[in-house]
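Here's the structure, in structure tokens; my notes come after.
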Amino acid sequence: MTSKRDYDAIVIGAGFSGLAMLHHLREIGLSTLVVDGEDGVGGTWWVNRYPGVRTDSEYSYYSFSFSKEVRDEWTWTERYPAGAEVLKYLNFVADRLDLRKDIRLSTRVDKAVYDEDANTWTVHLGDGSTLTTTYLVSGMGVLSQAIFPAIDGIDTFQGEKYHSSMWPRGGADLTGKRVGLIGLGASGIQMVPEIAKAAGDFYVFQRTPNFIVETTNDPVTEEEMAYLRDHYDEIYEKAANHPFGVAMEPAEHSALEVSAEERDRIFESKWNEGGFHFANECFTDLATSHEASELASEFIRKKIHEIVEDQAVADLLSPTTYSFNGKRVPTGHNYYAAFNKPNVHLIDVASQPISRISERGVVVGDTEYELDVLIFATGFDAMTGTLTNIDIVGRGGRTLREKWLADGLKSNLGINANGFPNFFMSLGPQTPYSNLPVPIQLGAQWLQRAIAWARENDVPFLEATPESEAWWMEETERAGKATVMYSEGKKAKAWFLGDNLPGKPEEFQVYMGGGQVYQQFCRAAEADGYRSFLANQSVKA
Ligand code: N01
């Protein structure tokens with residue numbers, strides 16, 4: 001540990017993860033630099049500017065709790081804040097914590113190489129220059145590596161073409177235009193009501209319908225903000241102790257142990273609360289029992305048929321090939337009602353797939369839908385995509401991509417992988433399926449303590465042991481397979497199994513065993529003197 005490096009730590013990405021990491025690593029005296037290829041702070045919230053973008057989580061637990069200044073001075077205006085407001089929040093965090101001086105924007109990382117002799121990472125930047133660091137941290141995002149579908153002729157379309165996560169900075173004027181949308185996950189479904197208001201004819205190409213839980217979006221009152229400021233730690237604690245990182249009450253009963261009337265009453269009341277309340281607060285087993293998940297599915301199908309006037313359209317919008325929780329459940333803002341508008345046309349591309357994209361539009365069977373604008377909300381190479389898209393070269397010249405392809409998705413708690421000493425991942429694969437600011441903050445705090453410990457004890461690097469990787473892979477699979485996210489997710493080709501991307505091996509991309517359980521494992525690793533992160537060295541500490 002003698003050679004001089006440019007930084008103690010380099011963090012890739014200036015979104016929620018990068019900002020939290022920078023703050024916590026600076027606190028323990030590490031000279032830290034954040035680099036980001038974009039020209040603004042905000043990560044996901046910088047690039048996702050599509051119409052209707054907003055949080056699916058409520059304001060009170062979609063933020064950091066670690067800074068009193070930020071908590072006291074920031075004011076949310078909506079229960080489900082719009083993307084622009086979250087971006088403003090992250091910029092406020094960057095300013096208030098004086099983070100900008102250590103952030104270098106418009107700086108892409110192409111490659112990072114570990115030098116075993118020097119125990120140093122060399123980070124290769126897009127302009128051809130390099131920087132050296134002891135600790136390298138990925139905050140590159142989990143749903144950031146955009147994918148386009150392999151549809152013939154995709155490049156031939158002559159109109160405007162956008163991906164949900166590559167939306168033009170100044171917005172796109174859709175007024176009166178013929179717009180086509182491919183993709184109805186959480187991104188596409190947020191767009192539908194907004195595009196429906198602006199566009200002329202709007203063609204929504206649906207392959208697999210989603211179960212969407214509608215909500216209202218009320219302004220946040222002064223009293224609510226005051227309550228949040230007074231109870232921040234309590235609310236955060238509740239979210240941290242919840243399996244999915246939301247500040248909600250645990251459900252009390254199985255959907256199968258109550259009468260049909262009682263079940264309907266509970267479903268109805270949580271449907272009225274909207275959004276994540278339905279999935280998390282109705283019953284204990286909507287994520288673990290197929291029968292319970294099917295009861296929730298039936299309730300939502302009924303709702304769809306009540307809201308959507310044309311019953312044939314309602315039939316098409318109702319998922320029948322998998323049940324509730326088989327896909328990540330999006331929060332809707334008048335999604336289903338948008339299909340009552342005369343300019344909105346739902347095109348079923350499940351029974352007859354899109355055959356090609358032409359210069360003029362989308363071709364399904366014999367019909368060519370002529371468009372001015374074609375939008376792809378076709379998702380991401382989730383969890384691993386950003387990490388395998390660049391060369392992260394560890395011991396022996398082996399990349400993370402090569403390791404995971406050859407050995408399967410392996411890491412210790414999603415934090416570090418064997419062969420990659422001192423390389424850490426915020427929200428790495430196999431971290432919790434959760435409202436993300438919670439594991440991001442707890443992960444930054446865990447890493448702060450781990451690195452402080454390593455430095456105090458002259459431990460040159462932290463590196464997952466092969467045994468810990470085998471254990472975590474097994475636990476991730478065990479926990480995942482105990483949920484309907486596995487059985488129903490397979491049917492729905494869910495991104496959390498890697499099934500949304502043809503050719504990607506099917507593996508649990510996230511930990512389904514609960515955020516609170518995951519945090520217990522992280523604390524146990526710490527209490528155990530980080531032994532599961534001490535591969536390839538003998539430590540006296
Ligand atoms: O992507 P997705 P997303 N022909 O992968 C369709 C988070 N998020 O960007 O289901 C036709 O979910 C595909 O169809 P199918 C959240 O965790 C959060 O929407 O494969 N369609 C699917 O409908 C979310 O889960 C928020 O049949 C094709 C869609 O593209 C995750 O990001 C907001 C097709 C992809 O859906 C990803 O969401 C937004 C084809 N050839 C996102 N190929 C908030 O919290 C693909 N599709 C606010």
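The values are calculated or read from the model by the stated rules, or taken from the named source; none is laboratory data. None of these values were measured; they are calculated from a predicted model. Please note: Cβ atoms are built from the backbone with ideal geometry, for glycine as well, and neighbour counts cover all protein chains shown. Side chains are part of the model used for accessible areas, which takes the heavy atoms of the whole protein and leaves out ligands, DNA and RNA. Shrake-Rupley method; radii C 1.70, N 1.55, O 1.52, S 1.80 Å.
Quick rundown of the values:
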read-out	value
Accessible area of Ser144 in the full protein assembly, 1.4 Å probe (Å², nearest 10)	50
Spatial extent of the stretch 325-438: Rg and Dmax, with the Cα atoms as the point set, Å	20.8, 61
Positive-end extreme of charge dipole, the chain - chosen from Leu97, Leu131, Gln520 (charges on Cβ)	Leu131
Cα-Cα over 20 Å, subset of Lys410/Lys481; Lys303/Lys327; Lys270/Lys481	Lys270/Lys481
Inter-label distance for Asp264 and Glu291, nm, one decimal - labels placed 7 Å from Cα along Cα-to-Cβ	2.0
Of Thr107, Asn217, His24, farthest towards positive along the dipole that unit charges on Lys, Arg, Asp, Glu beta carbons give the chain	Thr107
Carbon + sulfur, % of accessible area of the stretch 459-518 - ligands and nucleic acids excluded, 1.4 Å	59
Residues of the stretch 411-449 with amide N under 16 Å of the 7 Å Cα→Cβ point at Glu467	412-413, 418
Where a label projected 7 Å from the Cα of Gln445 along Cα→Cβ would reach, residues of the stretch 1-37 with amide N under 13 Å	24
Arg356 versus Glu234: modelled label distance in nm, points set 7 Å from Cα along the beta carbon direction	6.4
Glu224, Glu214, Glu291, Glu456, reordered so the largest accessible area comes first (probe 1.4 Å)	Glu456, Glu291, Glu224, Glu214
Magnitude of the charge dipole, the chain, Cβ model with Lys/Arg +1 and Asp/Glu -1, debye to 20	1180
Spacing of the two label points (7 Å from each Cα toward its C-beta) at Asp127 and Thr367, in nm	5.2
Hydrodynamic radius by Kirkwood, which averages 1/r over all alpha carbon pairs of the stretch 395-541, in angstrom	15.8
Rel. contact order, % - alpha carbon contacts under 8 angstrom, at least six apart, the chain	19
Solvent-accessible area per residue for the stretch 96-174 (1.4 angstrom probe, square angstrom)	48
Solvent-accessible area of His290 with every protein chain in place, 1.4 Å probe, in Å² to the nearest 10	90
Debye, to nearest 20: dipole size of the stretch 1-61, +1 on Lys, Arg Cβ, -1 on Asp, Glu Cβ	100
Cut-off under 5 Å, modelled amide H: who pairs with His163 long-range	Phe376
Inter-part distance where the stretch 205-247 and the stretch 302-340 are each reduced to a Cα centre, Å	22
Cα pair distances in the chain, grouped into 10 Å bins until the bin that holds the longest one, percent each	4, 18, 28, 27, 17, 6, 1, 0
Percentage relative contact order, the stretch 409-462, counting C-alpha pairs under 8 Å, at least six apart	28
Gap separating the Cα centres of the stretch 110-161 and the stretch 462-541, nearest whole Å	23
